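**Student:** I have a structure I would like to understand better, so I am pasting it below and will then ask my questions one at a time.
The values are calculated or read from the model by the stated rules, or taken from the named source; none is laboratory data. Just so it is clear, the model here is predicted, and its values are computed rather than measured. Cβ: placed from backbone, ideal geometry, glycine included. Neighbour counts: every protein chain shown.
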Amino acid sequence: RVAQRTAAEIGDLPLKSRVMLRTFGSYDTNANALKIDEVISARSKPQAVAEGMSAIIAAVPQLVAEGKLSAQGYTNVVSFLETMSQVVDCETSEVHVILLTDGFEDSEYARLARGGSLPAPEKLYPGCAELTMLGLGQGGGSPTATKRVREQWADWAEKAGFEKFTGLYDW
């Protein structure tokens, strides 16, 4: 379902929109083999980009099972967002960041699954439209764990400058 949801988001994008697909579990960039960039254009139409990205997202579990992608034992969402903030400009275009993640930051910054809290961010995304997390709380084992991780990310997103945060457990 996440692949379909993401395809629907991409399919509605205007020309010149940039779509980036990344893995970001490990802080080691060599372990994050999935790096695909597309720009919506007359040649790369939104529906074609949406279908391609959707197919890749849907194939991730199989790619991991076949050893073509490595399962990662960490979740470095904060450092990923810190890095990505350097390549987006929310003042020149609408920016909507969509992450497919359980949201349980597991890094030197925080151990959310063990009751930790996210660090207060700098204003990395001033004026950015939205941060969406699909799969938020999956694997947490309870509605209260999902609520806690959603509240952590909602607070982080607001302080980082996003105008809206959406955290969906089951999309």
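**Student:** Looking for something modelled with pLDDT under 95, basic (Lys, Arg) and more than 16 Å from the chain's Cα centre (by Cα) - is there at least one such residue anywhere in the range 95-111?
**Tutor:** yes
**Student:** Then there is this: Of all residues in the range 63-92 being in contact with a Leu (Cβ under 9 Å, 6 or more places away or on another chain) and more than 29 Å from ALA129 (Cα to Cα), which is modelled with the highest pLDDT?
**Tutor:** LEU63
**Student:** Identify, by number, the condition in (1) among the acidic types (Asp, Glu); (2) closer than 15 Å to ILE57 by Cα; (3) at pLDDT below 85 that ASP28 doesn't meet.
**Tutor:** Tallying (1) among the acidic types (Asp, Glu); (2) closer than 15 Å to ILE57 by Cα; (3) at pLDDT below 85, ASP28 fails exactly one: (2).
**Student:** Here is a check on your reading of the model: is THR144 β-branched (Val, Ile, Thr) and part of a helix (DSSP H, G or I)? Break it down stepwise before answering.
**Tutor:** Details: β-branched (Val, Ile, Thr): yes; part of a helix (DSSP H, G or I): yes.
Considered against the rule, which asks whether it is β-branched (Val, Ile, Thr) and part of a helix (DSSP H, G or I), THR144 comes out as yes.
**Student:** Moving on to the next point. Of the numbered conditions (1) in a loop (DSSP other than H, G, I, E, B); (2) in contact with a Leu (Cβ under 8 Å, 6 or more places away or on another chain); (3) of a type in the set (A, V, I, L, M), VAL97 fails exactly one; give the number of that condition.
**Tutor:** (1)
**Student:** Are there any pairs, at least 6 apart or on different chains, whose C-beta atoms fall under 6 Å, with the first in the range 152-171 and among the β-branched types (Val, Ile, Thr) and the second not in a loop (DSSP other than H, G, I, E, B), and if so, which?
**Tutor:** Qualifying pairs under 6 Å: THR166/THR132.
**Student:** Residue by residue through the range 100-129, note down the ones that are under 24 Å from ASP170 (Cβ atoms), among the aliphatic types (A, V, I, L, M) and either in contact (Cβ under 8 Å) with a residue 40 or more places away in the chain or in contact with a Pro (Cβ under 8 Å, 6 or more places away or on another chain) (or both).
**Tutor:** The answer is LEU100, ALA110, LEU112, LEU118.
**Student:** For the range 60-70, how many residues are surrounded by 12 or more Cβ atoms within 10 Å (Cβ to Cβ) and either of a type in the set (Val, Ile, Thr) or under 17 Å from the mean Cα position of the chain (by Cα) (or both)?
**Tutor:** The qualifying residues number 2.
**Student:** While we're here: Which residue out of ALA120, ALA48 is farther than 13 Å from LEU21 by Cα, among the aliphatic types (A, V, I, L, M) and exposed (fewer than 13 other Cβ atoms within 10 Å of the Cβ)?
**Tutor:** The conditions single out ALA120.
**Student:** Across the range 123-162, what is the number of residues that are surrounded by fewer than 19 Cβ atoms within 10 Å (Cβ to Cβ) and either touching a Cys at 6+ places or on another chain (Cβ under 7 Å) or not assigned by TED's automatic domain parsing to the domain that holds ASP102 (or both)?
**Tutor:** 3
**Student:** Now a separate question. Among the residues of the range 129-171, which ones are farther than 15 Å from ARG5 by Cβ and touching a Ser or Thr at 6+ places or on another chain (Cβ under 6 Å)?
**Tutor:** GLY137, GLY140
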